[in-house]
Amino acid sequence: MKVGVLALQGAVSEHVEVLNKTMKKIKINGNAVYVRNAKDLDDISGLVIPGGESTTINRLMLTTGMHEKIIELAKKGLPILGTCAGTILLAKEGDEQVKQTNTKLLGLMDMKVLRNAYGRQVDSFETDVNIPEIGSKPFRAFFIRAPTIEKVWDDTKIWVKYQDNIIGVKKGNILALTFHPELSDDLRIHEYFLRTIQRNYRIR
Ligand code: GLN
């Protein structure tokens, strides 16, 4: 199994490391690879769109021709994990900041996102969150100038909430989180994503 991490900007190597560690732990024969251009997308079974700066990642996605190709692959069922900036890019709708920066969203998930939604005072923080689908033990979530998800509709469903904020959503094989799961020692979210890839593998 080859799992790609979009390697244009942001928290790339962290995901590569955690994916490799998780595959080893749950005995999946495979490895994580850096996806730097459109051709690298050809032979992966899953893709992580990491956190970073959504405007920068977006610009590079467009110039490398990856924007269109990711949409195509997602529509064919490619499992995707988006975190933070990656989640912003997966949305159908953004806020004023997204519009002002001319960010061209992938539009793969029925949701509206708000960039830098926690304001200056608490723009970065960590906290325990409950994610029933990965077990009863709380998950330590790291928020770094994180967005929030204002609303979801149609096939996009809420996966995890923290207080009144939607911080994780799911649509088919795509999981989008506003926090950084790769910064926690807990491998359960990456394991959940790898299981999605495994299941998708069998169907194809
Ligand atoms: N603030 C960033 C953005 O709006 C996202 C931050 C992150 O990915 N950690 O793109």
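Quick one: dipole size for region 7-84, taken about the Cα centre, charges +1 on Lys/Arg Cβ and -1 on Asp/Glu Cβ, in debye to the nearest 20. Working shown, then result.
Details: 10 positive and 8 negative charges, 53 e Å.
For region 7-84, the charge dipole is close to 260 debye.
Please express the Cα-Cα pair-distance distribution P(r) of the chain as a list of whole percents, one per 10 Å bin, running from 0 to the bin with the greatest distance.
So the P(r) values, bin by bin, are 9, 39, 39, 12, 1.
What are the residues whose amide H is under 5 Å from the amide H of Gly82, where those residues sit 5 or more places off or on another chain and H is modelled from the backbone?
Here the answer is Ile49, Leu175, Ala176, Leu177, since their amide H atoms fall under 5 Å of that of Gly82.
Amide H of Ile166: which non-local residues (sequence gap of 5 or more, or other chain) have their own amide H closer than 5 Å, using H built in the peptide plane?
Under 5 Å from the amide H of Ile166 lie the amide H atoms of Ile149, each far enough along the sequence or on another chain.
Using modelled backbone amide H atoms (1.01 Å from N, in-plane), which distant-in-sequence or interchain residues come within less than 5 Å of Gly94's amide H?
Val113
Under the Karplus relation 6.51 cos²θ - 1.76 cosθ + 1.60, θ = phi - 60°, what is the ordered set of whole-Hz ³J(HN,Hα) values for region 179-184, x standing for Gly and Pro?
Along region 179-184, the couplings run 9, 10, x, 6, 8, 9 Hz.
Given axes a ≥ b ≥ c from the Cα gyration tensor, I'd like to know whether region 61-177 is rounded (a/c under 1.5), prolate (a/b larger than b/c) or oblate. Intermediate values should be presented prior to the final figure.
Working: a/c = 1.92, a/b = 1.25, b/c = 1.53.
Cα axes put region 61-177 in the oblate bin.
Roll a 1.4 Å probe over the protein chains and send me the accessible area per residue for region 37-122 in Å².
Working: 3680 Å² over 86 residues.
Spelled out: the 1.4 Å probe surface of region 37-122, per residue, equals 43 Å².
In whole Hz and in residue order, list the ³J(HN,Hα) couplings for region 36-43 that follow from phi through the Karplus curve 6.51 cos²θ - 1.76 cosθ + 1.60, θ = phi - 60°; x for Gly and Pro.
3J(HN,Hα) across region 36-43, in whole Hz: 10, 8, 4, 5, 4, 7, 5, 10.
Out of all DSSP beta bridges with both ends in the chain, state the antiparallel percent to the nearest 5.
Taking every DSSP beta bridge within the chain, about 55 percent pair in antiparallel fashion.
Report the charge-dipole magnitude of the chain in Debye, nearest 20, computed about the Cα centre from +1 at each Lys and Arg Cβ and -1 at each Asp and Glu Cβ. Intermediate results must be reported in sequence, preceding the final value.
Values: 30 positive and 24 negative charges, 125 e Å.
Its charge dipole is roughly 600 debye.
How far apart, in nm, are the 7 Å Cα→Cβ label points at Asp123 and Val33?
In this crude label model, Asp123 to Val33 measures out at 3.7 nm.
For the chain, what % of the accessible area comes from carbon and sulfur atoms, probe 1.4 Å?
Numbers: 4490 of 9650 Å².
For the chain, the apolar C and S fraction of the accessible surface comes to 47 percent.
Order the peptides 112-121, 183-192, 80-89, 140-149 from the highest to the lowest mean number of other Cβ atoms within 10 Å of their residues. Don't jump to the answer; show the numbers that get you there.
Working: 112-121: 15.7, 183-192: 18.2, 80-89: 28.3, 140-149: 21.9.
Most protected by this proxy first, the peptides run 80-89, 140-149, 183-192, 112-121.
Give me the extension gain from Trp153 to Lys104: residue separation times 0.36 nm, minus the current Cα-Cα distance, reported in nm with one decimal. If you can, show how the numbers build up before the last one.
Numbers: separation 49, 0.36 × 49 = 17.64 nm, distance 1.99 nm.
That pair, Trp153 and Lys104, stretches by 15.6 nm at full extension.
With each label point set 7 Å from Cα along the Cα-Cβ vector, what nm distance links Glu17 and Lys76?
Roughly 3.3 nm, to one decimal.
I'd like the distance separating the alpha-carbon centroids of region 22-47 and region 108-183, in whole Å.
If you average the Cα positions of each part, the centres end up 24 Å apart.
What list of ³J(HN,Hα) couplings, whole Hz, do you get for region 166-177 from phi and the Karplus terms 6.51, -1.76, 1.60, once you set θ to phi - 60° and write x for glycine and proline?
After applying 6.51 cos²θ - 1.76 cosθ + 1.60, I find 7, 10, x, 9, 9, 9, x, 8, 9, 10, 10, 10 Hz.
Please report, in debye to the nearest 20, how large the charge dipole of region 128-198 is about its Cα centre when each Lys and Arg carries +1 at its beta carbon and each Asp and Glu carries -1 there.
Working: 10 positive and 10 negative charges, 14 e Å.
The calculated dipole for region 128-198 is roughly 60 debye.
Fully extended, how many nm does the chain gain between Tyr201 and Asn116 (0.36 nm per residue separation, minus their Cα-Cα distance)? Don't skip to the end; give the middle numbers.
Numbers: separation 85, 0.36 × 85 = 30.60 nm, distance 3.55 nm.
My answer for the length gained is 27.1 nm.
The values are calculated or read from the model by the stated rules, or taken from the named source; none is laboratory data. What you see is a predicted model, and the numbers here were worked out from it, not measured in a lab. All Cβ positions, glycine included, derive from the backbone under ideal geometry; neighbour counts span all protein chains shown. When the accessible area is computed, the model is the full protein with side chains, heavy atoms only, and any ligands, DNA or RNA have been set aside. Shrake-Rupley method; radii C 1.70, N 1.55, O 1.52, S 1.80 Å.
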